[in-house]
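K.L.:
Next up is a structure, given as structure tokens.
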Amino acid sequence: MAAVELGISNGRVEAINNKIKVAVRMGYGFRNTDNLVALLMLRCGDCQPQLPGRPVKARKKGVKGAKSVAA
């Protein structure tokens with residue numbers, strides 16, 4: 001009803017729900033739930049940690065917390 005009345009969809013919510021379901025399936029082998037929560041935060045959050053031995057990539061403009069990188 002809200003999609004028709006307000007002209008919005010729940011596509012983003014469904015996408016995040018799908019990411020969570022896939023991550024839970026991946027996490028069945030984890031020994032504790034803290035590791036599963038950490039995996040969910042990485043997959044669904046905006047955090048992109050710098051991996052060792054990889055070049056630094058510039059993020060898109062307008063993204064919250066984006067830093068420009070001089071080449």
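K.L.:
For the chain, which helices (runs of 4 or more DSSP H) that fit wholly inside it have 3 or more residues that are surrounded by 10 or more Cβ atoms within 10 Å (Cβ to Cβ), modelled with pLDDT of 75 or more and of a type outside the set (Asp, Glu)?
P.N.:
Ranges flagged: 11-26, 33-44.
K.L.:
Could you give every pair whose Cβ atoms fall below 6 Å, whose first residue belongs to the stretch 2-19 and is closer than 27 Å to Arg43 by Cβ, and whose second residue is part of a helix (DSSP H, G or I), counting only separations of at least 6 or pairs across chains?
P.N.:
Pairs found: Ser9/Ala3; Ile16/Cys44; Lys19/Arg43; Lys19/Cys44.
The values are calculated or read from the model by the stated rules, or taken from the named source; none is laboratory data. Treat the numbers as computed from the prediction; the structure is a model and nothing was measured. Cβ atoms come from the backbone with ideal geometry, glycine included; neighbour counts cover every protein chain shown.
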